[in-house]
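Notes to accompany the following structure.
The numbers here are math on the coordinates, done by the rules we state, and not lab data. Given the structure is predicted, the values throughout are model-derived calculations rather than measurements. Here the Cβ positions follow ideal geometry from the backbone for every residue, glycine too, while neighbour counts run over all protein chains shown.
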Amino acid sequence: MNKRILIIDDDVYLRELYEEIIKSAGYEVDTAMDGEEGITKIKQGGYDLIFLDMMMPKVDGLGVLTKLSQIQPPPKNGPVILLTNLGHEPVLQEALQKGAVASLIKADITPDQLLSEVKKYLDASSKYTNTDMV
């Protein structure tokens, strides 16, 4: 079974670019255009990795993380990695405290680096306990 990855980002261009890059590496990819749609998909569970944008309409990344701490989908989800252009350290620290495991700066990441991060976290996901996952 292919690893399932969810990309939650309101930027259509970046969302489609990330989806294409990750799919081309053989992973199954699902997308959400905002935090509200992302929460709905995450509630279904079973994602091996979730990329979450911080700045979105309706529900932002912090709002998604807060909501996820309140739900327990039947098949657990894997780690959440933030996608952001924010350099605002307190917001990133709060997101990490709410359950995200890392953050990637969108403006700095290349397609090869994105795939490297996907592989790194999927390979390491076995080290995360159920309480570390949403």
Below 16 Å, Cα to Cα, which lysines can K76 reach? Residues fewer than 8 away in the same chain don't count. K3, K41, K43, K67, K127
Could you give the nm distance between label points at E16 and K43, where each point is 7 Å from its Cα heading toward the beta carbon? 2.9
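Determine the relative contact order of segment 4-123: mean sequence separation of Cα pairs under 8 Å and six or more apart, normalised by residue count, in whole percent. Provide the component values of the computation, followed by the final result.
Working: 205 pairs, mean separation 29.2, N = 120.
Reported as a whole number, the value is 24 percent.
What is the dipole size for the chain, taken about its Cα centre, with +1 at each Lys and Arg Cβ and -1 at each Asp and Glu Cβ, in debye to the nearest 20?
Working: 14 positive and 21 negative charges, 116 e Å.
Dipole magnitude for the chain comes out near 560 debye.
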Quickly work out the A107-to-I71 label distance, labels modelled 7 Å from Cα along the C-beta direction, and quote it in nm with one decimal. 3.2
Taking only the alpha carbons of the chain, what extent do you get along each of the three principal axes, in Å, biggest first? 34, 33, 25
